[in-house]
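Here's the structure, in structure tokens; my notes come after.
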Amino acid sequence: MVDSLRGAHATAASTAASRGCRPFWRVAMPLLAALLPIGSAVASARGQTPTPPAFQTIADARAVPNGIITALAEDADGLIWVGSTNGLLRFDGKRVLHEADRSPGLPRAFVQSLHVSADGRLWVGLQGYGVWWRDPTTGVFAHLPHPDRRSANAESGLAPVAITSDGEGGVWIADAREGARRIDADGRWAAGGSVLPGKALRRALVDRQGTLWLGDREGLWRLEAGASSAEPVPDLAGRDVYALFEARDGRLWVGTQAHGASVLERDGAVRHLPLGMHGDGVGHPWVGGFAEWGEGRLWLSTFGGGIEVRDAGSGALIERLRHTPGRMGGLAVDRVQAIAVDRADQLWIATWGGGLQRLPHGLQTLRYLPAGPGGLRHPTINASAPLPDGRLWLAVGDLGIDEVDTRTLSVLRQFRVGDSLADGTVRSLVRTQDGQFWAAMQEGGLWRAADDAGHFAAVANDWPERRVRVLAPARDGGVWVGLERGMRHVGRAGDAGPAIARADGTPFDELVWSLLEDDAGRLWVGTPLGLWWQPPSGGGLRPARPPVAEATPPSREGATSGVLRLEQGRDGALWMLARDGLYRLQPSADAVGVERQIGAAAVAQGLGDQLVVDRDGVVWTGRLRFDPRSQRWQTLGPADGLDVANQVWSASRAMADGQIVFGTSTGLVLLDPSRFRPWAFTPRVVLDAVEADGVALPRESRGWRVPAGTRRLAIGFSGLDYSDPAAVRYRYRLEGHDDRWNATDASQPTAAFGRLWPGEYLLVVEATNRVGDWSPHALVLPLTVEAMFWQTPAFLFVTLLLVLLLVAGLVHWRESLAAKGALRLQALVDLRTAELVQARDNAEQALQDLQGAQGRLVEAQKMASLGQMVAGVAHELNTPLGNALVVSSTLHEHAQGLARAVEEGRLKRSDLDDFLRTLGEGSELVVRSIGRAHELVSSFKQVAVDRSSSKRRRFDLAAVVQEALAMEGPTLRHSRVRVEVRVPEGITMDSYPGAISQIVGNMVSNAVMHAFDGDAVGTLRIEATRHGDERDGDVVLSFADDGRGMDEVVRRKAFEPFFTTRMGRGGTGLGLNIVYNLVVQLLAGSISVESRPGFGTLFELRLPLVAPPSTPDADR
């Protein structure tokens, strides 16, 4: 009654919440003791390893009527179709739905058969209702009428118990009353009548060679391709054939209702499997189905005896799986209707009364050994120690150590408390290369056994701290011992060393969680507060610190997080499992780089507590598989058949044959990494429903038509990764509306839209598998949104026309208003223009007046400066001229006295000598005074000429500076400012000496007036330095005083016209402005000022030795 599934997953992650099904998918891994008394005994007798699987219940009696499943099939999209006694059901990974609720025409009847043909059509055989088929494009079911419509009871009498493809696009229908009929590829009953008419057929199968096999209560029939009649298989005569299955090797397996199973070899010979519970016998006579699952294994279902696992080649029994009442994770009932394998290599079990169950894909890579009869003494495994010959020592609960043969998963020996162990709770167990065993007791300290005989003796009873947490083998044959507080080293002879200290000599008293000595001799210690290490040369433990150049926030986190496990792979890579992530260690001479590979926050179920590196360098943590080569990781859980619950840190190990040991609180798990295949299944996305305002829409030939006025459009979908539907993520976009992707998850797999504008749209939905890889099988839905009357083109045209007319009227009205407004505006503009013109003329006149006033002020300043210079010169001339006047007056009086003496005859020789001496001295004094006056007049004349004109000539800079300073003599004599001149002779300039003289005078006056307070004593230094040659060179003329200086505000405004700090006290604000204009405009130079309050002021003028050509105003 069932066809093999093709390419689907199953899980019950969301079934319980959505349809009330029992959530059995998170189950304990082993079936525990219930399966072992029969299965283990049978397997052990043949040297095989029993593999008790973990059944996951997908739908129980609350989801499937009475829990009875009559048929099972998977369509081309991946949907699971379930036949029941009350109609057809569908499972989309979230819930089981009754198809009659979606397809009103489909009867709620007993489903006798299901089959998916090569063209994707789902064929359904309903008792009393005939044959139905589902169009894969529209999802609509249609009825195929009985070929003999003349009979009134044609439909009610039809019983299509089996359907199979004919290899030509059609199908064969096997009926319980009328034999077999064929339906061609066009969906019509083929001409020619039926095969074996009147026979009560039970099963039908077309093999790869095109042979039709038909089973009934009397045996098996064969219809060769091209033959006209069927022939019986003699060796199966009298056997009620209930199941047919073609194996991969071409052999035909036959299940009967009362005689067990048989196999039809490729040469035509028939071999019957014996019946009975002993040896290789079939444990129940009613065999209902077959499936090849796993390497070389044939699974056989019985209707009352559970499931048997056999060798696909020989048929030898490997194990029996039976229902155990009260056991979670077991077979629901022993009455199994059929079994089948989907595309994703999941095994589906259809039961009669127990609903639908599934076995996960990864089960073939795992083996289990639970506690119970024939198994371990205690389900909790604290520690493990592999032996080279395949044996394994396990510390079980508080009962000591069990020795297990990993080849047969049988317990060989038990080391009990009191025999050789002082304490039954072994926290850590290590076997060193010399064959010794070391055991860390919960309270009894460290114990050692010389070999696998298991005779343990206590070691180091004198330690003050004897609570041992973890052990690790040392390179010298001894062990490293991690304690509750601190750690020690014990030699191979049991000699204990002193407690290990920190690198700074202080005691190391941390709680030790993990230990490792790597191939280079470095010692690694994991604690709750971080990682410690010791170099091969020793020197004590030091905290792991990354190199300065590599110190990143993730590195710092890893170095200080709680370190659970430490491992080294065969390639030398060092791995650390910490509370906050999985890390790879990069040690150097004096530092440790810590590179995080996976953060704990990225894995919802956690990273796990165990750490093993397999032969290929792949890292396993019990809940995670990480491949460093591809940087890809995959979570491990029930979807892989691995549910390592309550892991114990020290219990995981890698065995010599490559198997990985996981110790849990539910028994032993052995994983073969070489057989593990990362999950790469790419699921399809199927449509759930399209609803407009809560009403489901049917599919039409061109997609879905959305009614006009729809306020909310909702499209439900499912990504068919049955292994873990809750981990599937989705993204969708509605092309024609918004090309951006919208993300959602399994909690709300729905695309919802508000009011959509009428038009054509295309909804694209993509999904990931459970590990996050996007599937290329997208769901594409064409949608057509109908228009309301006001959204039709005619309505829009009329509306547009009315709007245009309204706009035209508004434009005309606005234009008339605009014209009137333009006239008013023009008048206002003319008025404002006249006012602006008047204002402009006034401003221009004011500017001209201001410029004239400024010019007059500048000339007044120049004339005032010239007047001051004249007053000074007059003052200077007064002294020599006064001296000459006094001397000449004295000589005049002496001459008059001499003349009277001559007239009176009183002239004596001595009087004449006195007169001549006085005349000589006086005349000399007069000559000097007149000479001084001449010099002053000459200097004044030259300076006055230079300052009153802008004529250019060659001159010596030092002479011009001296002449200018001579004119400032009166100013300087009335102040306490001393001028130091450091202008060397020989600096010849071809420039404007009057401007330079003016500059020197203004700078001296500025310094005397502004640089010093009151009668303060100060110095003004005038320096000049020539740079370059006489043609292209320049001279730097500086004026530096040691006065009070200027703040930044004054310094920035120093050259502005009319700016002065002595307004009303003799300052005009034009002195430095005149200097600036002369330097920049006439002399083509530059001037800068540097000053700070309290540190004096420096003016620096850079002047070209040869001024550029100019036509200055001669009157300036």
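The values are calculated or read from the model by the stated rules, or taken from the named source; none is laboratory data. Worth saying up front: this structure is predicted, and the values here are computed from it rather than measured. Glycine also receives a Cβ, built like all others from the backbone with ideal geometry; neighbour counts cover every protein chain displayed.
None of Arg615, Arg677 is farther than 27 Å from Gln346 by Cα, of a type in the set (Lys, Arg) and in contact with a Ser or Thr (Cβ under 9 Å, 6 or more places away or on another chain) except Arg615.
In the range 702-745, of all residues being without any contact (Cβ under 8 Å) to a residue 40 or more places away in the chain and over 27 Å from the mean Cα position of the chain (by Cα), the one that is surrounded by the most Cβ atoms within 10 Å (Cβ to Cβ) corresponds to Gly716. Screening the range 334-408 for strands (runs of 3 or more DSSP E) wholly inside it with 3 or more residues that are of a type in the set (Phe, Trp, Tyr) and closer than 30 Å to Ala76 by Cα returns no ranges. Within the range 581-616, the set of residues being part of a strand (DSSP E or B), among the aliphatic types (A, V, I, L, M) and in contact (Cβ under 8 Å) with a residue 40 or more places away in the chain comprises Leu582, Leu585, Val592, Val594, Val612, Val613. With respect to Ser113, is the statement that it is in contact with a Ser or Thr (Cβ under 6 Å, 6 or more places away or on another chain), touching a residue at least 24 places away in the same chain (Cβ under 8 Å) and surrounded by 19 or more Cβ atoms within 10 Å (Cβ to Cβ) true? It is false that Ser113 is in contact with a Ser or Thr (Cβ under 6 Å, 6 or more places away or on another chain), touching a residue at least 24 places away in the same chain (Cβ under 8 Å) and surrounded by 19 or more Cβ atoms within 10 Å (Cβ to Cβ). Looking at the range 809-818, can you tell me whether even one residue there is in contact (Cβ under 8 Å) with a residue 24 or more places away in the chain and either on the phi < 0 side of the Ramachandran plot or in a helix (DSSP H, G or I) (or both)? No - not one qualifying residue is present in the range 809-818. Taking the range 436-465 as the range and being assigned to a loop (DSSP other than H, G, I, E, B) and farther than 18 Å from Asn382 by Cα as the test, the residues that pass are Gln436, Ala450, Asp451, Asp452, Ala453, His455, Ala460, Asn461, Asp462, Trp463, Pro464, Glu465. Taken over the range 744-765, residues that are in contact with an Asp or Glu (Cβ under 7 Å, 6 or more places away or on another chain) and β-branched (Val, Ile, Thr) amount to 1.
Restricting the range 521-546 to residues that are in contact (Cβ under 8 Å) with a residue 40 or more places away in the chain and part of a loop (DSSP other than H, G, I, E, B) leaves a set whose member that is farthest from Gln610 (Cα to Cα) is Gly540.
Every condition in (1) surrounded by 15 or more Cβ atoms within 10 Å (Cβ to Cβ); (2) in contact (Cβ under 8 Å) with a residue 24 or more places away in the chain; (3) not aromatic (Phe, Trp, Tyr); (4) not in a strand (DSSP E or B) holds for Glu308 except the one numbered (4).
The single condition among (1) at negative phi; (2) of a type outside the set (Val, Ile, Thr); (3) modelled with pLDDT of 90 or more that Asn1077 does not satisfy is (3).
For the structure I just gave you, tell me whether Glu760 is over 30 Å from Ala639 (Cα atoms), of a type in the set (Asp, Glu) and surrounded by 15 or more Cβ atoms within 10 Å (Cβ to Cβ). So Glu760 does not fit the description; no. Restricting attention to the range 589-626, the residues that are buried (at least 21 other Cβ atoms within 10 Å of the Cβ), at negative phi, touching a Lys or Arg at 6+ places or on another chain (Cβ under 7 Å) and not hydrophobic (A, V, I, L, M, F, W, C) add up to 1. With respect to Gly268, determine if the residue is farther than 20 Å from Leu220 by Cα and either at pLDDT below 95 or hydroxyl-bearing (Ser, Thr, Tyr) (or both). No: the conditions fail for Gly268. For the range 68-94, the set of residues classified as of a type in the set (Lys, Arg) and surrounded by fewer than 22 Cβ atoms within 10 Å (Cβ to Cβ) consists of Arg90 only. Criterion applied to Arg702, Arg733, Arg770 was being touching a helix residue (DSSP H, G or I) at 6+ places or on another chain (Cβ under 7 Å) and closer than 26 Å to Gly78 by Cα, and the one residue passing it is Arg770. Kindly indicate whether Ala818 is surrounded by 11 or more Cβ atoms within 10 Å (Cβ to Cβ), of a type in the set (A, V, I, L, M) and at pLDDT below 75. Judged against the criteria, Ala818 is not a match.
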